[in-house]
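Written out below as structure tokens is the structure these notes cover.
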Amino acid sequence: MFIQTEATPNPATLKFLPGKVVLENGTAEFRDEEEARAGSPLAARLFSIPGVSGVYFGYDFITVSKDGQEWQHLKPAILGSIMEHFMSGAPIMAGAGRAEQLDEEDEFFEPGDETIVATIKELLETRVRPAVAQDGGDITFRGFKDGTVFLNMKGACSGCPSSTATLKHGVQNLLRHFVPEVEAVEAV
């Protein structure tokens with residue numbers, strides 16, 4: 001098994017490409033060891049490596065965030081853990097754990113804004129999310145109120161120094177161009 005690695009715009013996060021499907025549907029993000037133990041054998045294995053502070057699963061990639069350690073020390077242990085896990089045939093997610101789907105119940109917007117929200121979601125799905133996934137992250141719609149679009153940033157995007165630029169100059173400009181009602185974009 002050959003696992004490729006890619007740098008992300010977030011210097012505290014690396015993207016690992018195992019050459020296999022990681023999650024068939026949805027995404028999963030783990031921010032601490034307890035959450036990882038409950039939700040994913042692979043995430044728990046990665047959190048057992050000192051210095052790992054976050055794990056995110058996409059369709060065909062895993063992003064791992066660190067706190068303080070140098071990648072040259074962490075990377076071999078992470079690669080070994082990912083390889084061992086895939087070779088063992090163990091599931092990525094625990095039996096009770098499942099990948100996050102876009103949960104529309106958590107979304108908020110005013111009645112009457114359904115058409116605007118549908119356009120925003122389509123633009124995010126077709127133009128923004130594929131580009132952000134290339135960097136090992138994800139952006140999902142959370143809400144729209146008073147001209148402001150609220151987005152949730154995950155994976156490499158969470159805590160990335162360039163995420164503000166991505167939101168303000170990339171996503172905000174794109175949405176403003178296609179949806180005149182959008183005035184601003186904020187991360188939640």
* Leaving ligands, DNA and RNA out of it, work out the accessible area of I78 with a 1.4 Å probe and give it in Å² to the nearest 10. => 0 Å²
* State the Cα centre-to-centre distance between segment 1-22 and segment 27-58 in whole Å. => 15 Å
* Asked: What number, in percent, do you get for the relative contact order of the chain if the mean sequence gap of Cα pairs under 8 Å and at least 6 apart is divided by its residue count?
  -> 22 percent
* May I have the count of lysine pairs in the chain with C-alpha atoms under 25 Å apart, counting pairs 8 or more residues apart or located on different chains? => 16
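Using a 1.4 Å probe over the heavy atoms of the protein chains, calculate the carbon and sulfur portion of the accessible area of the chain as a whole percent. Could the numbers behind the result be given before it?
Working: 4760 of 9480 Å².
Taking all protein chains in place, the chain shows 50 percent carbon and sulfur surface.
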* Structure fact -> Descending accessible area (1.4 Å probe), largest on the left, turns K168, K154 into K168, K154
* Amide hydrogen neighbours beyond the local backbone of V149, cut-off 5 Å, H modeled -> E183, A184, V185, E186
* Asked: Of R45, R129, which has the most accessible area and how do the rest follow, probe 1.4 Å?
  -> R45, R129
* Asked: For segment 26-153, what does the equivalent ellipsoid look like in terms of its semi-axes, each the square root of 5 times an eigenvalue of the Cα gyration tensor, given largest first in whole Å?
  -> 33, 15, 13
* What whole-number value in Å² describes the accessible area per residue of the chain for a 1.4 Å probe? -> 50 Å²
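The values are calculated or read from the model by the stated rules, or taken from the named source; none is laboratory data. It should be emphasised that the depicted structure is a prediction, and the values quoted were computed from it without experimental measurement. Surface accessibility is based on the protein's heavy atoms, side chains included, excluding ligands, DNA and RNA. Shrake-Rupley method; radii C 1.70, N 1.55, O 1.52, S 1.80 Å.
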